[in-house]
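Working notes for the structure below.
The values are calculated or read from the model by the stated rules, or taken from the named source; none is laboratory data. Note that the coordinates shown come from a computational prediction; the quantities given were computed from them, not determined experimentally. FYI the Cβ positions are ideal-geometry reconstructions off the backbone, even for glycines, and counts take in every protein chain you see. Side chains are part of the model used for accessible areas, which takes the heavy atoms of the whole protein and leaves out ligands, DNA and RNA. Shrake-Rupley method; radii C 1.70, N 1.55, O 1.52, S 1.80 Å.
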Amino acid sequence: EGMAELRERLTKNNYEVTTVFEPRADSPKNPLADCDLLVLAGPRSTVPPDHVAAMKSFIENGGNALLSTWSVPNERQTGWVDLGVAELLALAGVAAEEDLVFELDPAQRPPRGNGEAFFAKPGPHPVTEQLLREQESGVSAVVLAVRSLRDLNTEVKPEALLVTSPKAFGAMNLWDRGELAGQLKPGPGDPIGPLVIATASQRPEKDGKKGARIVISMTHRSHDLV
């Protein structure tokens, strides 16, 4: 799912990567106590509330985080599983829409498909400097089956890292709209582009300590949508 690549990059940047929240007899009371960076690596089922509480406390106390998550279809294929991480996303000032983004601008998508795969536009931010340089040379970031993010308008102000074109839309109630092979169009209540699909946030200082930096990426696992 791309996490092996992330692990390698972190290791090359002198991070020691380890798994936390493992059920062991000698598990520490606070498994995140020695962490500099938290990575939520695409949960496939509801995250236990005590894990969410520990991660929330870590971030609120200045711990940096990369939260990568997606919508997982339920067993009956009638909707998405509630992964229980909305509180974590809210710490970054965003909420995930219950949608699937489709890009309708022909210039921003491959000729095949319905627009669930498309070329995302990087926003101006230190995180995206390399993407912006590559875009100038004709190389674009390709994303597949992503969710959109909504600004909660709190004191935490998320900055857009990746956005769609104005012609994109987020298909809500996807399960009631027929097969993906059909031509989808925006409906009532669907978020309309440009849509934000990845963000970076800086939380305010707390007790004289610099606030956490949080990067959010919302994606679907493509094989769950077959």
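Computed with a 1.4 Å probe over protein heavy atoms only, the accessible surface of the chain comes to 58 Å² per residue. Where the centre of each part is set by its Cα atoms, how far does the stretch 139-160 sit from the stretch 106-124, in angstrom? The stretch 139-160 and the stretch 106-124 have Cα centres separated by 15 Å. Solvent-accessible area of Glu22, all protein chains in place: 80 Å² (probe radius 1.4 Å, heavy atoms, ligands and nucleic acids excluded).
Calculated FRET efficiency, Arg76 to Thr19, Cβ-Cβ distance, R0 = 25 Å: about 0.20 to the nearest 0.05. With every protein chain in place and a 1.4 angstrom probe, the accessible-area ranking of Trp70, Trp175, largest first, reads Trp175, Trp70. According to the Kirkwood relation over distinct C-alpha pairs, the hydrodynamic radius of the chain is 18.7 Å.
Quick one: compute the contact order of the chain, relative version, from alpha carbon pairs under 8 angstrom and 6+ residues apart, as a percent. Taking the mean separation of contacting Cα pairs over the length of the chain, I get 22 percent.
Close amide H contacts of Leu38 (hydrogens built in the peptide plane, cut-off under 5 Å, sequence separation of 5 or more or a different chain): Asn64, Ala65, Leu66. The accessible area of Arg150, taken with all protein chains in place and a 1.4 Å probe, comes to roughly 100 Å².
At full extension, Asn153 and Ala90 could sit 21.7 nm farther apart than now, given 0.36 nm per residue minus the alpha carbon distance.
For Lys185, the lysines whose Cα comes closer than 21 Å to its Cα, not counting residues fewer than 8 places off in the same chain, are Lys167. In the chain, the portion of solvent-accessible area held by carbon and sulfur atoms comes to 50 percent [1.4 Å probe, whole percent, DNA, RNA and ligands not counted]. Largest first, the residues Thr154, Thr18 sort by 1.4 Å accessible area into Thr18, Thr154.
Which entries in the list Lys29/Lys206; Lys121/Lys206; Lys12/Lys157 go over 26 Å, if you measure between the two C-alpha atoms of each?
From Lys29/Lys206; Lys121/Lys206; Lys12/Lys157, over 26 Å: Lys121/Lys206; Lys12/Lys157.
Comparing Leu40, Leu88, Leu162 in a Gaussian network model of the chain where C-alpha atoms under 10 Å apart are linked, the largest mean-square fluctuation is found at Leu40.
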